[in-house]
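Accompanying notes for the structure given below.
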Amino acid sequence: MKADLRSALPFWMSLALVPLAVLAAVRGGWWWALMPAYAWYLVTALDAVLGLNTDNPDTETPTERLFWYRAITVIWFPIQAAVVFGAIWYATHTGHLSGWEKLGLFFGIGVMSGTIGMVYAHELLHQKPGHERWLGDLILAANLYSHFRTEHLLVHHAWVATPRDAVSARYNEGFFRYFLRVLRDCPRSAWAAETRLLARARRPVWDRRNPFWRYAALQLGMLALALALGGWQGLALFVWQAFVAIWQLELTNYVEHYGLTRRHLGDGRYEHVLPRHSWNASHTASNWLLINLQRHSDHHYKPDRRFPLLQTYGTDEAPQLPFGYPAMTFVAMVPPWWRRRMNPRVRAWRRQFYPDIADWGPYTRGENPMPRGAL
């Protein structure tokens, strides 16, 4: 596998959002719309032009040959922090932006924080070097979503496509109902997972090993910085961009596993996670922007595999989306449209992989038992 900057450069297309954010801050008006237009619509148009990339890289490629691929994720936190906090100071001190222009600017920045920042944080949290995990924690804290680390690593990867995993969207569940459910359930689910893990080690919840204390400190630090730079208005703008980033993340989570379930084997036992339990998309440009997140089945098979080495699967092993994630998340915002596009695909998936299951009611309603041994 090539290791030079030129081969890695397509995965750096996220950096184009930085000058667009500066332009939106300086020019005001509707210039902020260039950020979602780039991240959603231009990338989708490029997908249509460039088509699918089904090439599978050599998974034995040594990490040192991936330097230029890894670099974009490592440098992202200071870039995002400079954009977010620089925009807070600029918007609250220059006086040339109206209230609606400020909301638009920080909506666009939230799209950047969610579409790029959350995806990069996800990559970093799965890696072994401590400095990468710390960078992931900092990005999540800048989006006020630190509990995602616990929920994703301890719950989602262990129990995806079972009733224990809140972010496995159920068949026929609209996005807005799903979004409210995960905002309610995931923080307490993550807290329960950490406290149960501590209890198994006979440690109290206030033990320093409980990462929630680190989560709280980092998030309070981000809020305090926003307040110091922009006062109460700066704090409100920071929270607004964080909310937009969270919405972007959960839209992606919704798409990734919608309607897909693991077979219940009885007595709270479930089959192992298989490629069939994630929606995949091999579209070229959106995989550049999202650093191969759409090769999602392989990520669940090998969670710590670096993004340049993720593999793609054929339709005989994993379900495929008609478009990349940016386009599919747009469809998800209109639930009737989403159901028309995706419900027939889920039913076809059931016929293909589980033709012997006659009653899908317990799977659809989330009524199967909780997995045995789940945190």
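The values are calculated or read from the model by the stated rules, or taken from the named source; none is laboratory data. Everything numeric in this text was worked out from a predicted model, so none of it was measured. Heads up, the Cβs are rebuilt from the backbone with ideal geometry, glycines too, and the neighbour counts pull from every protein chain shown. Note: areas computed on protein heavy atoms with side chains; ligands, DNA, RNA excluded. Shrake-Rupley method; radii C 1.70, N 1.55, O 1.52, S 1.80 Å.
Taking a sphere under 15 Å around the Cβ of ASN287 and counting the other residues whose Cβ falls inside, with K and R at +1 and D and E at -1, yields a net charge of -2.
Share of carbon and sulfur in the accessible area of the range 314-365 stands at 56%, probe radius 1.4 Å.
Along the axis of the charge dipole computed for the chain (Cβ charges of +1 for Lys and Arg, -1 for Asp and Glu, origin at the Cα centre), the listed residues ALA193, THR312, PRO355 are led at the positive end by ALA193. Net charge in the neighbourhood of PRO322 (other residues with Cβ under 9 Å of its Cβ; Lys, Arg +1, Asp, Glu -1) is +2. With the highest mean first, a sort of the peptides 274-281, 142-149 on other beta-carbon atoms found within 10 angstrom per residue produces 142-149, 274-281. In terms of the mean number of neighbouring beta-carbon atoms within 10 Å, the peptides 171-180, 258-267, 49-58 order highest first as 258-267, 171-180, 49-58. Residue-wise HN-Hα couplings along the range 85-96, as the Karplus relation 6.51 cos²θ - 1.76 cosθ + 1.60 with θ = phi - 60° gives them from phi, are 6, x, 5, 4, 5, 5, 5, 9, 10, 8, x, 9 Hz; Gly and Pro carry x. A protection proxy built from the mean count of other Cβ atoms within 10 Å ranks the segments 7-13, 352-358, 74-80, most packed first, as 74-80, 7-13, 352-358. A Förster radius of 25 Å, combined with the Cβ-Cβ distance separating LEU220 from LEU197, puts the computed FRET efficiency at roughly 0.60.
Residue separation of ASP185 and HIS96 scaled by 0.36 nm, minus their Cα-Cα distance, works out to 28.0 nm of gained length.
Accessible surface for the chain, divided over its residues, is 43 Å² per residue with a 1.4 Å probe.
Between TRP206 and TRP30, the simple label model (points 7 Å from Cα in the Cβ direction) yields a spacing of 5.6 nm. When nucleic acids and ligands are ignored and a 1.4 Å probe is applied, VAL22 ends up with an accessible area of around 80 Å². Shown for the range 166-225: the carbon plus sulfur share of the solvent-accessible area, taken with all protein chains present and a 1.4 angstrom probe, equals 60%. The simple Förster model, with R0 at 22 Å and r as the Cβ-Cβ distance, assigns LEU265 and THR364 a FRET efficiency of 0.75. A simple spin-label model places pseudo-atoms 7 Å from Cα toward Cβ; at ARG65 and ALA228 they are separated by 4.5 nm. Extension gain for the segment SER7 to LYS128, taken as residue separation times 0.36 nm less the Cα-Cα distance, is 41.1 nm to one decimal.
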